[in-house]
Every structure is written in structure tokens, then in C-alpha cells.
Amino acid sequence: MQTNFSATQLADPHVAESEKILRKCVHCGFCTATCPTYVTLGNELDSPRGRIYLIKDMMENGRPADKEIVTHIDRCLSCLACMTTCPSGVNYMHLVDHARAHIETTYRRPLPDRLTRAMLAFVLPYPGRFRAALKLAGLGRPFIGLFEKLPVLRPVAAMLKLAPSSIPPASPMASPGTHAGQGAKRGRVAILTGCAQSVLDPAINETTISLLTRLGVEVVVPEGEGCCGALVHHMGREDQALASARRNVDAWARAIEQGGLDAIIITASGCGTTIKNYGFMLRLDPAYAEKAARVSALAKDITEYLAALDLPEPVRKPGTIVAYHSACSMQHGQKITRQPKELLAKAGFVVREPQQRWPSRGSAGTYNILQSEISARLRDRKVRNIEATGASVVATGNIGCITQIASAARLPVVHTIKLLDWAYGGPKPEGVSERKQVAAE
Ligand code: SF4
Ligand code: SF4
């Protein structure tokens, strides 16, 4: 794609980076076929190519964002299916991130929108605040129907629908400390405790620590780590996102100094995609660029790490039919497609994949709150495909997907690590039935 940026514009390293990305696009439109919002809404401006044109126009002309571009960029799920499809290697993720940051600094959203976003940025990245908000959600639940009728309150209705009716207690294993590996030492890793997942399902990280230590891996929960910053990054709040990234980089750098790390384990693929991008996000910060690149190189999804660990034979082979849902951030953001399915199959599960033309189930961070109607349409289609597999449990590797699919599916939805842990001697995951089983293939 030809671009017309001035030398002054290109002196801004963010603009220069976006210009490089724009020039790679050859307008072929292959990406439109796999874009869930284009396929659902049928508008070119809701396709990757359409959004690329809008971003190019806004940036070349040095214009502030307007209502049109905000509408179409807000509808983008950041599922990154377009990046997997693109034959020209267009880095849509970095382009849309730049556009979102530009929108955040140049566009004044309507008041209800500003309030909703400010509230999400204030609550979701902080486990204590998020826990308190979930407890308060019970008071608002009887008014969901009323809130849904008022467009400005639809995000509140969406939040209340997603909020679980009970919250598990905080996990003591999330506190800073070291969990020693059993037997011969096979590695030393840090684990991201994160934010929303540690409140909604603390057992995911507890299970991960338990399995890793049984396999001989020492697991460190470093002092000072927190939310990866993805939630605010996707809202264009760059300063807040970079502050989260710097805090985590510092925490993990200390852990590296204090005994080395083989990996930084992440159990939510949305967070993994962001942490693997820290090197890029902090590339212009001389104090952090090198440390951040090192952290990104060490970041591993738990299935990526386990797949490289040469696991022993499982203690039991459950034979349960599992529908594996590959989160967008897992398959497109991190290009992890094989490992979770191979680990489940090796552990004795029968893995089925839902038929899908478009992978996204419409969660994508805060998308299911801010774009609840599109999100619900994508989710319902995904759930129909999952249930058609005949599986008795759904496995996936992202808390956003777990919450979103569980809000509509009749099957239990669990993190992949819980099924693996079960096969390797841990407890059966809650809600998983042992009745519907087949002989392991
Ligand atoms: S990230 Fe997903 S929703 Fe956004 S343009 Fe690409 S394919 Fe479409
Ligand atoms: S597939 Fe890639 S090159 Fe083709 S229009 Fe989409 S982004 Fe541009």
C-alpha cells in the first residue's frame, strides 16, 4: 500500500512503525473472510482491510479520531485471525494498538462510555477491587432486564450477566513465595498470578503449581507482579498498560537475578500474548527495552512449557471426550495450536475440535461488556458448534473464554491444565462427569 507521510510525521517512532506495517498491505482482502466482525456485520469498514484504510487515513492526515473510526475500531475483537490469514505479514496487532492509543488521546467519548471505561480500568486489573465489585454484583442482578432496555446501561447488564453468583476464596498460593519441586529438579519458573483469573478461578494457578511441582519444577510467585496490562492496553490506555508492564518486568528481573528462570508461566492466553509483546511495547524505553525483551522471550503458556518437558505416562487415562476451544490469543496471538491438543491426547482424553469458520467467541478482554450484542452472537454460534461435538467437557486456556462459554453452554468448561492435572494424579475437576466416556483413541 502506498503511503504519504511527511518526514515530520515519520520522526515519531510510533507513526514510523505504523507506516512500515501499512506499506506491507496489498489490499488483497484475504483477511476479510476470517474476520468475525466482517462476517457477522457484512460491512467492509468492520473488516481488517477496512480498518486498515481508516487508520491510514486518520494517521496520514494527522487527524484526531472521529466517531466513524472509533465505532469500527471498537468493534474489532483483537482476535488477530487476520494476522494468521494475511499472506503479506501485516502486523495488524501493532497497527490497531497504535490506533487505539491515538483514539484514547484525541477522541472524547460520550459520558456513559467514558464512565464505563474508567470503571473497567479502575476495577478489573486489581484483584481486591474486582472481588469487591463481584460481591456487589448480587445487588444489581435483579435489575438486569431493566438495564438491558436502556442502551447506556447495557454494559452494566453485560457485566452483571457475566458475574458469577459465588466467588471462590483468594488462594494462599498466589502470595509471593517459592514452591519447591518434588524429586529431581527439572526447572525453575515464575508464574503470573494476574488479575481477573486469580479472582474468578484461583484453582487454575493452584493446579498449575501443583502439577509443575509434582513434575519436579520449582515455581516462584515473585513479589510485586500483577495484571499484565492487556485489559487497559486494549482500551488504548497506554500509560497504564506500560506501567503494568514495567512493574512485571521489574518483578521477574529480580526473580531472574535471585536464581534464574527457565520460563515465565502464563495460564491465560490473553495475558501471554501481551507479555510476549512487552519487548515491543517497551522498545523505546532505554531503561526497560532489554529487560522487557528478555521477559518476552521467557514467557510461555503453560501448555507450551509442558509440551517441551517430556512428560511421563499419565497416572490415569480418563477417556473423556473433550471439546478443545482454541482461544484466539492462543492460536493467533501466540501461534500455539498443537501443544494443548497433543497434551490432552497423550493424557488419555479424546479431543474433538468444534467446527468453526470463525474462531472467536467474542470475549476478548472487555469486548463482551463494551460490545455485548456482537459478543453474544459470536458466543452463541461458538457454543452451538462446541455442543455439536458430543463432548462432555470443554477445555480452553483463557479465563475470558471460560467465563464467556460457560455463560451459555450446558457443558462444564474448564482450563486445560485441570484436565491434565487430573490425568497426572490430581483431583477430578469440579463439574466434570466421569459417566460419558469412550475408550481412549
Ligand atoms: S483482529 Fe479479529 S476482529 Fe479485528 S480486524 Fe482482525 S480478524 Fe477482524
Ligand atoms: S490479507 Fe493482509 S495484505 Fe491482504 S488486505 Fe488483509 S491485511 Fe492487507
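The values are calculated or read from the model by the stated rules, or taken from the named source; none is laboratory data. Only a predicted model underlies this, so the values are computations on that prediction, with no experimental measurement involved. Virtual Cβ from ideal backbone geometry, glycine too; neighbours counted across all protein chains shown.
Which of the residues that make up the range 86-141 are in a loop (DSSP other than H, G, I, E, B), within 16 Å of ligand 2 (Cβ to nearest atom) and buried (at least 18 other Cβ atoms within 10 Å of the Cβ)? If the condition is that a residue be in a loop (DSSP other than H, G, I, E, B), within 16 Å of ligand 2 (Cβ to nearest atom) and buried (at least 18 other Cβ atoms within 10 Å of the Cβ), then CYS86, VAL90 are the ones that fit.
Can you name every residue in the range 413-431 that is under 24 Å from the mean Cα position of the chain (by Cα), part of a loop (DSSP other than H, G, I, E, B) and buried (at least 17 other Cβ atoms within 10 Å of the Cβ)? Of everything in the range 413-431, just one residue is under 24 Å from the mean Cα position of the chain (by Cα), part of a loop (DSSP other than H, G, I, E, B) and buried (at least 17 other Cβ atoms within 10 Å of the Cβ), namely PRO429. Residues in the range 71-127 that are without any contact (Cβ under 8 Å) to a residue 40 or more places away in the chain, within 13 Å of ligand 1 (Cβ to nearest atom) and not hydrophobic (A, V, I, L, M, F, W, C): HIS72 alone. When the range 348-381 is filtered for residues that are at pLDDT below 85 and either away from ligand 1 (no atom under 14 Å from the Cβ) or aromatic (Phe, Trp, Tyr) (or both), the ones remaining, listed by number, are GLN355, TRP358, THR366, TYR367, ILE369, SER372, GLU373, ALA376, ARG379, ASP380, ARG381. Among residues of the range 13-31 that are at positive phi and free of Cβ contacts under 8 Å to residues at least 60 places away in the same chain, those with a Cβ under 8 angstrom from a residue that is in a helix (DSSP H, G or I) and within 15 Å of ligand 1 (Cβ to nearest atom), sequence gap 6+ or separate chain, pair up as HIS27/ARG49; GLY29/ARG49.
Criterion applied to ALA440, ALA345 was being modelled with pLDDT of 95 or more and surrounded by fewer than 19 Cβ atoms within 10 Å (Cβ to Cβ), and the one residue passing it is ALA345.
You will find that of ALA241, ALA255, the residue that is in contact with a strand residue (DSSP E or B) (Cβ under 6 Å, 6 or more places away or on another chain) and part of a helix (DSSP H, G or I) is ALA255 and no other.
Entry remark, the range 258-284: residues being in contact with a helix residue (DSSP H, G or I) (Cβ under 8 Å, 6 or more places away or on another chain), in contact (Cβ under 8 Å) with a residue 12 or more places away in the chain and part of a loop (DSSP other than H, G, I, E, B) number 8 in total. Among the residues making up the range 172-218, those that are surrounded by fewer than 20 Cβ atoms within 10 Å (Cβ to Cβ), of a type in the set (S, T, N, Q) and in contact (Cβ under 8 Å) with a residue 40 or more places away in the chain are SER175, THR178.
For (1) aliphatic (A, V, I, L, M); (2) within 20 Å of THR178 (Cβ to Cβ), each residue gets a yes or a no:
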| residue | (1), (2) |
| --- | --- |
| CYS227 | no, no |
| LEU231 | yes, no |
| GLN240 | no, no |
| ALA263 | yes, yes |
| THR274 | no, no |
| GLY279 | no, no |
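Can you confirm whether the range 216-223 contains a residue that is in contact with a Ser or Thr (Cβ under 8 Å, 6 or more places away or on another chain) and under 22 Å from ALA406 (Cβ atoms)? No, every residue in the range 216-223 fails to be in contact with a Ser or Thr (Cβ under 8 Å, 6 or more places away or on another chain) and under 22 Å from ALA406 (Cβ atoms). When SER78 is tested against (1) more than 14 Å from ligand 2 (Cβ to nearest atom); (2) at pLDDT 95 or above; (3) assigned to a loop (DSSP other than H, G, I, E, B), just one condition goes unmet, and that condition is (2). Going by what's in this entry, would THR213 be described as assigned to a helix (DSSP H, G or I) and of a type in the set (Val, Ile, Thr)? Yes. Note on the range 1-56: among residues that are among the small types (Gly, Ala, Ser), away from ligand 1 (no atom under 11 Å from the Cβ) and under 27 Å from SER375 (Cα atoms), the one that is surrounded by the most Cβ atoms within 10 Å (Cβ to Cβ) is GLY29. So VAL219 passes all but one of these: (1) of a type outside the set (Phe, Trp, Tyr); (2) modelled with pLDDT of 95 or more; (3) in a helix (DSSP H, G or I). Which condition number does it fail? The one condition VAL219 does not meet is (3).
Among the conditions (1) more than 16 Å from ALA293 (Cα to Cα); (2) basic (Lys, Arg); (3) more than 19 Å from the chain's Cα centre (by Cα), the only one that ARG283 does not satisfy is (1).
Checked against the criterion of being modelled with pLDDT of 95 or more and surrounded by fewer than 22 Cβ atoms within 10 Å (Cβ to Cβ), the candidates LYS317, LYS335, LYS300 yield just one match: LYS335.
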